[in-house]
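Enquirer: Shown below is the structure under consideration.
Read-outs: derived from the displayed coordinates by stated rules, not from any lab. None of the values given here were measured: they were computed from a predicted structure. Note that we place each Cβ from the backbone using ideal geometry, even for glycine, and neighbour counts take in every protein chain shown.
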Amino acid sequence: MTGLSSTLPIARCPPARETHRSTVPTSNHNALVVDRQFSEPQLAALYDAFCPWEERDDLDFYLPLVMSADTVLDVGCGTGALLHRARESGHAGRLVGLDPAVGMLEQARQRTDIEWVLGDLSAVDWDEFDLIVMTGHAFQVLLDDEELRPALAAIRRALTPNGRFIFETRNPLVREWERWIPENAVEETDSAGAVLKMSHEVNTPVDGERVSFTSTYTHPDWEQPEVSHSTLRFLDAESLSTFLADAGLTIEEQFGDWDRQPLTVTSPEIITIAARS
Ligand SMILES: C[S@@+](CC[C@H](N)C(=O)[O-])C[C@H]1O[C@@H](n2cnc3c(N)ncnc32)[C@H](O)[C@@H]1O
């Protein structure tokens with residue numbers, strides 16, 4: 001499906017995904033099972049239509065940071081939009097995109113002058129990145145302490161001594177998930193004039209840091225809706241700071257939005273620039 005154009009002003013990225021380790025062992029290690037809206041090629045192909053660069057303030061924040069780093073690892077790179085844009089803008093260094101979702105990487109691989117790695121942080125054993133980013137709230141996919149701690153440790157190991165880890169997570173205090181309701185569904189019109197719809201519904205009541213919800217995609221040509229189940233973790237700033245410190249990472253700067261305003265209780269984002277302690 002190509003040539004989609006937004007018909008509603010509130011087009012939003014799919015807010016999340018879920019991952020868990022498959023209990024079925026593969027040859028080397030347990031396979032990582034990701035949210036089907038990212039693993040299924042048909043759904044992953046819609047991601048950039050629902051999340052176009054022009055409607056995202058985060059990528060304009062990240063692009064200059066990528067451009068000024070020689071070696072960059074994008075963890076949870078998705079369709080690779082950020083690294084694609086960096087190369088198009090003349091980045092001449094090493095760009096690596098890492099993602100466990102086959103569908104998303106299939107989109108990313110449309111550019112062959114970037115290294116694409118299928119997997120999660122356990123697949124990375126390099127120590128040469130000036131910059132590691134997690135964009136599009138990919139950080140929130142790290143649901144459990146047992147997943148988060150090794151991921152942060154791997155990031156620290158993969159950073160050069162002066163490297164930076166830059167990422168964002170949604171501020172739990174503003175409870176953005178309360179807007180992930182069917183009434184806020186988003187529509188896109190494809191080149192044939194057919195209307196594709198994406199809606200979300202949160203499992204209630206929300207209890208604690210994890211928010212689980214369903215994303216439903218419909219298209220008049222499909223026999224049935226495509227449904228994807230997801231969970232995201234909403235860490236508060238204090239817990240985040242503790243996890244980073246425990247992993248040997250120090251917060252250098254923190255912002256509450258993409259205009260680099262200070263983090264407050266009403267800030268939509270917790271945007272963090274961290275360095276090796
Ligand atoms: C909301 S998308 C964000 C994609 C991209 N970073 C962006 O800004 O558009 C979240 C991405 O995280 C990936 N992901 C899921 N589990 C992951 C894991 N354990 N480690 C790294 N990435 C993961 C998904 O496959 C998906 O592509």
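Enquirer: Which of 176, 209, 168 comes first, and how do the rest follow, when ranked by fewest Cβ neighbours within 10 Å?
Expert: So the ranking, lowest neighbour count to highest, is 209, 176, 168.
Enquirer: For segment 101-196, divide the Cα radius of gyration by the Kirkwood radius and give the resulting Rg/Rh value with two decimals.
Expert: 1.06
Enquirer: Taking R0 as 41 Å, what FRET efficiency do you get between residue 157 and residue 201 from their Cβ-Cβ distance, rounded to the nearest 0.05?
Expert: The computed FRET efficiency comes out at 0.60.
Enquirer: A further question follows. Segment 105-181: which trypsin sites (Lys or Arg not before Pro) are DSSP loop and have at most 13 other beta-carbon atoms within 10 angstrom?
Expert: Taking segment 105-181 and a limit of 13 other Cβ atoms within 10 Å, the loop trypsin sites (Lys or Arg not before Pro) found are 175.
Enquirer: Continuing with this model, one more query. So for 104, 67, fewest C-beta neighbours within 10 Å to most, what's the order? Could you put the intermediate results ahead of the total?
Expert: On the way: 104 30, 67 15.
Placing the least packed residue first, the sequence is 67, 104.
Enquirer: May I pose another question? Compute a Gaussian network model of the chain, connecting alpha carbons closer than 10 Å, and tell me which residue from 205, 41, 15 fluctuates the most.
Expert: 205
Enquirer: Any chance you could check the Cα centroid distance between segment 57-122 and segment 231-277 for me, in angstrom?
Expert: 22 Å
Enquirer: Just to be sure I understand: of the beta bridges DSSP finds with both ends in the chain, what percent are antiparallel, rounded to 5? Display every interim value, and only then the final one.
Expert: Values: 38 of 55 bridges.
In the chain, approximately 70 percent of DSSP beta bridges are antiparallel ones.
Enquirer: Counting DSSP beta bridges in segment 97-250, what percent are antiparallel, to the nearest 5?
Expert: Bridges in segment 97-250 are about 70 percent antiparallel.
Enquirer: Oh, and also: Long-range amide H contacts for residue 97: which residues qualify at under 5 Å (H placed 1.01 Å from N, peptide plane, sequence gap of 5 or more or a different chain)?
Expert: Hits under the 5 Å cutoff: 74, 115, 116, 117.
Enquirer: Also: Compute, for the chain, the length of the dipole vector about the Cα centre, with Cβ point charges of +1 (Lys, Arg) and -1 (Asp, Glu) only. Units Debye, rounded to 20.
Expert: Details: 22 positive and 46 negative charges, 77 e Å.
Taking the Cα centre of the chain as origin, the dipole is about 380 debye.
Enquirer: Over all directions, average the projected area of the Cα convex hull of the chain and note it in nm². Walk me through the numbers on the way to the answer.
Expert: Details: hull surface 59.0 nm².
Value for the chain: 14.7 nm².
Enquirer: I need the phi-derived Karplus couplings for segment 89-105: 6.51 cos²θ - 1.76 cosθ + 1.60, θ = phi - 60°, integer Hz, Gly and Pro marked x.
Expert: 8, x, 4, 10, x, 8, 10, 10, x, 10, 7, x, 9, 4, x, 5, 5
Enquirer: From Cα pairs below 8 angstrom and at least 6 apart in sequence, can you work out the relative contact order of the chain, rounded to a whole percent?
Expert: About 19 percent, as a whole number.
Enquirer: Where does helix 237-246 land angle-wise versus the long Cα axis of the chain, in degrees 0 to 90, nearest 10?
Expert: 50 degrees
Enquirer: Hey, another quick one. Taking the Cα centre as origin and putting +1 on Lys and Arg beta-carbons and -1 on Asp and Glu beta-carbons, what dipole magnitude results for segment 19-156, to the nearest 20 debye?
Expert: It works out to roughly 260 debye.
Enquirer: Using a/c under 1.5 as the rounded threshold, could you call segment 207-277 rounded, prolate or oblate? The axes a ≥ b ≥ c are square roots of the C-alpha gyration tensor eigenvalues, and prolate needs a/b larger than b/c, oblate otherwise.
Expert: prolate
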